[in-house]
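The values are calculated or read from the model by the stated rules, or taken from the named source; none is laboratory data. Quick caveat, the model's predicted, so the values are computed rather than measured. Backbone-built Cβ (ideal geometry, glycine too); neighbour counts: all protein chains shown. What goes into the accessible areas is simple: the full protein's heavy atoms, side chains included, and nothing from ligands, DNA or RNA. Shrake-Rupley method; radii C 1.70, N 1.55, O 1.52, S 1.80 Å.
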Amino acid sequence: MLSRASHVPGHSLWSIALSSSASSHGRSSAFRLCLNSLPIPFLSRSSSSSSSLPQHLQFQSFSSPSSVSSSSFFSTTSVAHPASFLRGYGIPSSSIGFPSLSGSFSSAPTMGPPSFSAKASFTTGSSSGSGREILVQHLLVKENDLKLLIELQKRIAQGEDLSDLAVEYSVCPSKEEGGMLGWVKRGQMVPEFEEAAFSAPLNAVVRCKTKFGRHLLQVLSERDELLLQEIQAKELHEKLQDPEFVEQAQLIDVREPHEVNAVDAHIVSLCGSPSSVTSAVSLFENAIGSETPPSSKTCNFLVNELRKLGQHELAFSVYKKMTRVGVTPLFFSLAVLVEYFVHSQRPTHALGVVGLILKHGFDVNVYLVNLILKGLCQNGEVDEAMHLLCQMRRSSISPDVVSYNTVVNGLCRAKKLADALSLMDEMKKFGCWPDVKSYTALLDGLCKGGKVEDAMELMEEMKNNGFNVDVVAYSALISGFCNMGNADKGRELFYEMLQLGLTPNVITYSSLVQGLSKTGRWEEATAVLNEMAEKGVYPDVFTYTSLIDGLCKDGKISKAIHLLKLMLERGEEPNSVTYNSLINGFCREGLAADSFDILKLMMDKGRNPNVVTYSTLLKGLCETGKIDDALTVFSSVFDDEGYIQPDIMTYNTMIQGLCEEGRVGEAVTFYGKMVAAGHSGNLFTYNTLIGAYLKEGNIAKCMEHWKNIIDFGMLPGPHTYSIMIDGFCKLRMINIAKGLFMKLKAFGYCPIVMDYNSLMSALCKEGSIEQGRRLFEEMKQKQCEPDIISFNIMIDGAFKAGNFEYAKSLLTDMLQKGLVPDVVSFSTLIHGFTNNGQMDEAKNIFRRMVASGFSPTGSVYNSLLRGYCEKGEMGEVIDLLHQMAAENVVLSPEIKATILESLCSSTDLDMVDLLPTFSQDAPKEVVIPCKDFLEELQKFHSRFPQLAA
């Protein structure tokens, strides 16, 4: 693996590093061999190639596996000279030991392993300290900048890179190298820094304070002190045949300055700093066609440096220009080409580069194929990835655990969970055993796919195979259960991971907050939010947005605004989703003016509203009946063609809002605008228009849009059939509705409760109670359980058909199923019993209705008054009137007529004296409260005899 080493005066260093597994020694070892020309394979170069290694090689091996990355075909660790930092702490650079190199060898090129013998000598300068060395990077701020340091640590915890922040904020000279201090030993740093660095776990970011200020430091790797020894050239060649060696090797160039031309030296020097690499590219472009072009090695080196900085476009440009003038690309340059095409989302082009690699005489390794697999999966081309994985098994490149993990992850993202599970079994069959990442990737996919119970079984398998379930796996499970509405299970898993000593991260907390918010458990969600802060885990925008969205959906707008203020106070900027949730919440509560205030705040904070923002605002206005306001907003925002344009969701929102207000003509105008804008509409569009036309009774237009669904290549879905069945039932065109119902079942769709209810209601209204009864029984047989509406329809139908026993049996059945009667149920029963003269039954139902907390409607009082009057039970009439007066029932013209009729039909004129006494303040309304109406009757009680007559 190729990477820049620290600069040594008089030398330009490049090294080859190998892991301790490639050495027979218990400690780390270093080798030095000076060669003029050595035609031996390097990296994946085949033995038939005549290319040679660079003239001067140095080999190092490190005892710690963490010091070498096995995830790529070459490493990209950039190590700065430690002297700049150490000098700042009073340590002279002369005390830092650097290798002194010597020795040489020459040999004529050969095709096979060279038969030569040479000794390599390697010595070091003076050095202080011994034992463990660590690779450290840091950033330094002034002592009074504690708040800045905490903010930077928070940003690193959220995924930002310490080296990037060091370049921007550090006051140490090492900022030019991303804060990199290089390999250091004890005794080379001030005590406070040394203690923190040598106590820090690998990759952890820790704080410390020295006399120079406050530091954030990170230990990237560690190794033992080098043990120097000699190596024969033949042994070197043998090592280069070991795939494990070449996969982990790192080339070090130790040429003297006079051996390198000025252009090469300048390009290499410029590449030492990320900020000047573009200057290196400019120099390369000017020199590539000149009399002193960069060497082949420098061209290839520049390609690799650009790759390390993520400048794939520039790397590709340099590659094209160098090959155009005849520079032969080395293996790693061709590999960079693979990376370029993967990063530019063209993995099929990357597959083409594989052929180019083979053409140049190189072998393709598993890392490159894994890279292509990753690109295919990221592009959603999982079938192609599966095919490539099968080709790997048939070739000499055996898939490793990374290969399988990549494809498993891709299948999970594509929701092909069954295929992912099968592939996991397949990798075991081929002797490639899953690791923690394998289990975690599949577990996460199962949770996101709603298969949380399968995920729990996989976790048990993971434990049984000796793997520790980490915070990532637990976070996935907690998120999965919370998304399924089971926040209790999510909380149980949260406490389980705490007992195991695992520290929840921001994703864990956020998932739990979201789950608790969805179920309206705001106090618990807020407690989790506070706990995050206490544990030093800072809530991110996702955490806050989840809670705000839940509060808005639950109508707790004031709490959502309080949380928004808290979010801003803590320096967490809301995103578009946050503002959209608030806008939607305000609109749903009918607070349109406040939603515009949120929109203004959003723009003041530099967040440009997008089409989703405005669609959310329009939806909220339409749902609260403010359709004219929605039309104004639409016109203001979208009529300017230079601004954002409405999408299909925006048009559908307006069409639905207009249709629900009965303004079908205007909805059709919007449909025309949508088509003119290039949106043909989707199934939701046509379902909305079909439903609106059926409400109007416009069957011709309804069928026109049904035809549009077919013409645009869409299939009518079950919701389309439901709308049609309901519409034709309400138009009393029951035979057409029955035909659609049969067609729905013929296409393999299962009718839903709404479909049965629509048909049963229409049949009962036309007196076909037996047909309705058969449908009702079919519902139960098809495991489509009747709901309270189903029972209400059938009870009403049974009463109207005079089948009182069936009505009573339905009531019993309903109660046995645990369905609680609603206001319609009670009203239907009261109407049915009073119409049949069964006033005792009606009175009992009325009492149950009141006891259940329902307020009787005017039609219920009217039915009871009429029933008592017909029975001549005037005492009950008077009692009911007293109750109505106490409840301040508002009287409709029908109730007033019934009361007058009841009183006038009575021969007992003294009953007027039994009327309740009321206050004299009567509001002047067309529909007046009961007590005021009876008060008026009392004023004119002397006229009752004449009215009775």
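When you scan region 638-693, how many residues do you find that are of a type in the set (G, A, S), out of contact with any helix residue (DSSP H, G or I) (no Cβ under 7 Å at 6 or more places or on another chain) and not in a helix (DSSP H, G or I)? Result for region 638-693: 5.
Scan region 371-392 residue by residue and report those that are within 18 Å of K415 (Cα to Cα) and of a type in the set (A, V, I, L, M, F, W, C). If the condition is that a residue be within 18 Å of K415 (Cα to Cα) and of a type in the set (A, V, I, L, M, F, W, C), then L373, L376, C377, V382, A385, M386 are the ones that fit. Taking region 525-549 as the range and being over 16 Å from G159 (Cβ atoms), of a type outside the set (S, T, Y) and touching a residue at least 12 places away in the same chain (Cβ under 8 Å) as the test, the residues that pass are A525, V528, L529, E531, M532, K535, L547, I548, D549. E573 satisfies every condition listed in (1) touching a residue at least 24 places away in the same chain (Cβ under 8 Å); (2) assigned to a helix (DSSP H, G or I); (3) under 20 Å from K605 (Cβ atoms) except (2). Counted as qualifying within region 108-203 are the strands (runs of 3 or more DSSP E) with 1 or more residues that are in contact with a Pro (Cβ under 9 Å, 6 or more places away or on another chain), within 23 Å of S269 (Cα to Cα) and at pLDDT 85 or above, namely 132-141, 180-184. Taking V246, is it in a helix (DSSP H, G or I), at pLDDT 90 or above and aliphatic (A, V, I, L, M)? It is false that V246 is in a helix (DSSP H, G or I), at pLDDT 90 or above and aliphatic (A, V, I, L, M).
Residue check: M733 meets all listed conditions (1) at pLDDT 90 or above; (2) crowded, with 20+ Cβ neighbours inside 10 Å but one, namely (2).
Figure legend. Inter-residue proximity from region 384-404: first residues free of Cβ contacts under 8 Å to residues at least 12 places away in the same chain and farther than 15 Å from L351 by Cβ, second residues acidic (D, E) and in a loop (DSSP other than H, G, I, E, B), beta-carbon distance below 9 Å, spacing 6+ or different chains. Indicated pairs: S396/D363.
Across region 641-666, the qualifying residues are those that are aliphatic (A, V, I, L, M) and surrounded by fewer than 22 Cβ atoms within 10 Å (Cβ to Cβ), and the one among them that is nearest to H705 (Cα to Cα) is V664. Is it the case that region 498-510 has a residue that's at pLDDT 80 or above, assigned to a helix (DSSP H, G or I), surrounded by fewer than 16 Cβ atoms within 10 Å (Cβ to Cβ) and of a type outside the set (F, W, Y)? Yes. Quick check: is even one residue across region 511-520 farther than 26 Å from G571 by Cβ, in contact with a helix residue (DSSP H, G or I) (Cβ under 8 Å, 6 or more places away or on another chain) and assigned to a helix (DSSP H, G or I)? Yes, region 511-520 has at least one match. Listed by position, the helices (runs of 4 or more DSSP H) contained in region 315-417 that have at least 3 residues being surrounded by fewer than 17 Cβ atoms within 10 Å (Cβ to Cβ) are 347-359, 382-394. Annotation: I548 fulfils all but one of (1) closer than 23 Å to A527 by Cα; (2) at pLDDT 80 or above; (3) open to solvent by 50 Å² or more (accessible area, probe 1.4 Å); the unmet one is (3).
Is region 434-455 home to any residue that is within 20 Å of S403 (Cβ to Cβ), open to solvent by 30 Å² or more (accessible area, probe 1.4 Å) and free of Cβ contacts under 8 Å to residues at least 24 places away in the same chain? Within region 434-455, none of the residues are within 20 Å of S403 (Cβ to Cβ), open to solvent by 30 Å² or more (accessible area, probe 1.4 Å) and free of Cβ contacts under 8 Å to residues at least 24 places away in the same chain. Taking region 515-532 as the range and being under 21 Å from the mean Cα position of the chain (by Cα), open to solvent by 10 Å² or more (accessible area, probe 1.4 Å) and modelled with pLDDT of 80 or more as the test, no residue passes.
Scan region 700-726 for residues that are touching a residue at least 24 places away in the same chain (Cβ under 8 Å), assigned to a helix (DSSP H, G or I) and open to solvent by 10 Å² or more (accessible area, probe 1.4 Å) and the total you get is 5. Can you pull out every residue in region 572-621 that is of a type in the set (S, T, N, Q), farther than 21 Å from L547 by Cα and open to solvent by 10 Å² or more (accessible area, probe 1.4 Å)? If the condition is that a residue be of a type in the set (S, T, N, Q), farther than 21 Å from L547 by Cα and open to solvent by 10 Å² or more (accessible area, probe 1.4 Å), then N608, N610 are the ones that fit. For K745, the conditions (1) open to solvent by less than 40 Å² (accessible area, probe 1.4 Å); (2) of a type outside the set (G, A, S); (3) within 30 Å of D796 (Cα to Cα) all hold with the exception of (1). The condition (being among the charged types (D, E, K, R), assigned to a helix (DSSP H, G or I) and modelled with pLDDT of 85 or more) is satisfied by just one residue among D597, D628: D628. Of all residues in region 828-837, at least one satisfies being at pLDDT 85 or above, in a helix (DSSP H, G or I) and open to solvent by 30 Å² or more (accessible area, probe 1.4 Å). Cβ-Cβ distances below 8 Å connect the following pairs, each with a first residue in region 266-291 that is part of a helix (DSSP H, G or I), a second residue that is of a type in the set (F, W, Y) and surrounded by 19 or more Cβ atoms within 10 Å (Cβ to Cβ), and a separation of six or more residues or different chains: I267/F284; I267/F301; V268/F301.
Considering every residue within region 600-611, establish whether at least one is under 25 Å from the mean Cα position of the chain (by Cα) and of a type in the set (V, I, T).
Looking through region 600-611, at least one residue is under 25 Å from the mean Cα position of the chain (by Cα) and of a type in the set (V, I, T).
Quick check: anything in region 435-456 over 21 Å from the mean Cα position of the chain (by Cα) and in a loop (DSSP other than H, G, I, E, B)? For region 435-456, residues over 21 Å from the mean Cα position of the chain (by Cα) and in a loop (DSSP other than H, G, I, E, B): present. Restricted to region 842-856, and to residues that are part of a loop (DSSP other than H, G, I, E, B) and open to solvent by 50 Å² or more (accessible area, probe 1.4 Å), which residue is farthest from P821 (Cα to Cα)? Among residues in region 842-856 that are part of a loop (DSSP other than H, G, I, E, B) and open to solvent by 50 Å² or more (accessible area, probe 1.4 Å), the one farthest from P821 (Cα to Cα) is S855.
Would you confirm, using the coordinates I've provided, whether G159 is small (G, A, S), within 15 Å of R214 (Cα to Cα) and either within 35 Å of the chain's Cα centre (by Cα) or open to solvent by 80 Å² or more (accessible area, probe 1.4 Å) (or both)? The answer is no for G159. Only residues that are open to solvent by 50 Å² or more (accessible area, probe 1.4 Å) and closer than 19 Å to I627 by Cβ were counted across region 669-695, and they come to 4. When every residue of region 208-217 is checked against the conditions, none turns out to be open to solvent by 10 Å² or more (accessible area, probe 1.4 Å), at pLDDT below 90 and either of a type outside the set (V, I, T) or in contact with a helix residue (DSSP H, G or I) (Cβ under 7 Å, 6 or more places away or on another chain) (or both).
L240 passes every criterion in (1) of a type outside the set (V, I, T); (2) modelled with pLDDT under 90; (3) surrounded by fewer than 17 Cβ atoms within 10 Å (Cβ to Cβ) apart from (3).
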